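Just below is one structure, and these are the notes that go with it.
The values are calculated or read from the model by the stated rules, or taken from the named source; none is laboratory data. No experiment lies behind these values; they were computed from the predicted model shown. All Cβ positions, even for glycine, are placed from backbone atoms using ideal geometry, and neighbour counts span all protein chains on display. Surface areas here come from the heavy atoms of the whole protein model, side chains and all, with no ligands, DNA or RNA. Shrake-Rupley method; radii C 1.70, N 1.55, O 1.52, S 1.80 Å.
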Amino acid sequence: MLNKKINLGLVGTGYLGKFHLQQIKYIDEINFVGIYDLDSNLAEKLGKENNVPVFASADELIAKCNALSIVVPTNVHHEVAMKGLAGGCHLFIEKPIASSVKLAEEIVQKAQSKDLTLQVGHIERFNPVFIEAERHATNVKSVKSQRMTSFSNRGSDVSVVLDLMIHDIDLCLSLVGSDIESIKATGSRTYTKSIDHGIAHISFKNGATSILEASRSSDSPSRKMQIKGDKNISIDFLNKTLEVNGSINQFIQTHDLNKVNPLRDELQHFAQSVLSCSSPKVSGSVGAQALKVAYEIEYKIMSTL
């Protein structure tokens, strides 16, 4: 590696941005340049609390960096991303990558044309329970997931498909590794004018199938996945348990998963990908594909409401 560190700035210090701020400081491969947020009072407060520089504009921050972590509302992902790429910055963008497939593709194409690393923040890929499950998930024939939570205003600016189900869409696409044949979906509204509960049935060209369910109107939280292939795998993301062919997985049982921080791991993976000039696990193209499927599911549900 020619450089041992990337010079990274954080754009967006809201709910999720604060978690980025906490983790970036502990990553050896990152030289933390500073932060910018449209809410200057919030940025100044967090800058003082964390002893990091605060910039008056995104442009000023970009001029000092060669990498950005973008944690702003989805509807401005494209604007900030294109500014960062124009300034020669590698990008980590929280999911979903953009507010439309067209804008996502523009970001991906711009990054490719400038030979810059682009990673999308699908954090479940770095969940140690899923990483261990992946080792056993061969010849996958079916995936069933359930991601349920109670209603919160955070994330309610988009449908439950883009807020929650997109996690499992990405995981499912990764596990099956095949183009999609068809999608059927149904859903309902409870708290918003968008979709608060949805179920998608996906058929793949290799014969695999999946049923993905997501809700933000549930009384009890649940994040589970069942994978059937050469082995039968059951994942409980919330309780951090894994069963393979009905037996408790020894790796998960013998390791303290509370010491693992998936957000820190994915940000470190981004930095390492930049330094090694290698493609990240969740590239821009991967993030754009998950978004495309999410929008198709959303469209099919909305057409029934």
>> As I understand it, the dipole of the chain uses +1 on the Cβ of Lys and Arg and -1 on the Cβ of Asp and Glu, about the Cα centre. Which of Ala98, Ser303, Ser234 lies farthest toward its positive end?
In response: Ser234
>> Can you give me the % of accessible surface on region 40-89 that is carbon or sulfur? Probe 1.4 Å, all protein chains present, nothing else counted.
In response: 50
> Which FRET efficiency value, to the nearest 0.05, is calculated for Lys4 and Phe251 with the Förster distance at 41 angstrom and r the Cβ-Cβ distance?
Replying inline: 0.85
>> Using only DSSP helix segments of four residues or longer, with each worth -39500 (n - 2.57), what per-residue ellipticity at 222 nm results for the chain after dividing by its residue count and rounding to 500?
In response: -10500 deg cm²/dmol
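Grab the beta carbon distance between Ser40 and Ser156, set R0 = 35 Å, and tell me the FRET efficiency rounded to 0.05.
After rounding to 0.05, the efficiency reads 0.85.
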>> Once each part is reduced to its C-alpha centroid, what is the distance from region 199-253 to region 87-115 in angstrom?
In response: 30
>> Which of the three applies to region 254-305, rounded, prolate or oblate, going by the alpha-carbon gyration tensor with a ≥ b ≥ c and a/c under 1.5 meaning rounded?
In response: oblate
> For region 140-146, what does the Karplus curve 6.51 cos²θ - 1.76 cosθ + 1.60, with θ = phi - 60°, yield as ³J(HN,Hα) per residue in whole Hz, taken in order and with x for Gly and Pro?
Replying inline: 5, 10, 8, 9, 10, 10, 9
>> Would any residue of region 138-160 have its amide N under 13 Å from a label point 7 Å out along Cα→Cβ of Glu181? List them or say none.
In response: 141-142
> With labels modelled as points extended 7 Å from the Cα through the Cβ direction, what inter-label distance (nm, one decimal) is found for Ala63 paired with Val260?
Replying inline: 4.3
> Where is the GNM fluctuation largest for the chain (alpha-carbon springs, 10 angstrom cutoff): Asp179, Asp236, Asp170?
Replying inline: Asp179
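Any idea of the accessible area per residue across region 22-167, 1.4 Å probe, to the nearest Å²? Kindly include the intermediate steps, with their values, before the conclusion.
Working: 6430 Å² over 146 residues.
On a per-residue basis, 44 Å².
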> Based only on Cα atoms, what Rg/Rh ratio does region 1-135 have, Rh being taken as Kirkwood's radius?
Replying inline: 0.97
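Rounded to a whole number of µm²/s, how large is the Stokes-Einstein D of region 156-305 at 20 °C and 1.002 mPa s, given Rh as the Kirkwood radius over C-alpha pairs?
Roughly 124 µm²/s, to the nearest whole number.
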> Assigning unit charges at the beta carbon (Lys, Arg +1; Asp, Glu -1) and nothing else, what dipole magnitude in debye, to the nearest 20, does the chain show about its Cα centre?
Replying inline: 260
>> Can you tell me the length gained on complete extension of the stretch Cys277 to His136, counting 0.36 nm per residue apart and subtracting the Cα distance?
In response: 47.9 nm
> Can you tell which of Lys83, Lys45, Lys281 shows the greatest fluctuation in a Gaussian network model of the chain with Cα springs below 10 Å?
Replying inline: Lys45
> What pairs in Lys102/Lys184; Lys102/Lys300; Lys25/Lys281; Lys259/Lys300 have C-alpha atoms more than 30 Å from each other?
Replying inline: Lys259/Lys300
> What's the extension gain from Val76 to Ala56 if we count 0.36 nm per residue and subtract their Cα-Cα distance?
Replying inline: 5.4 nm
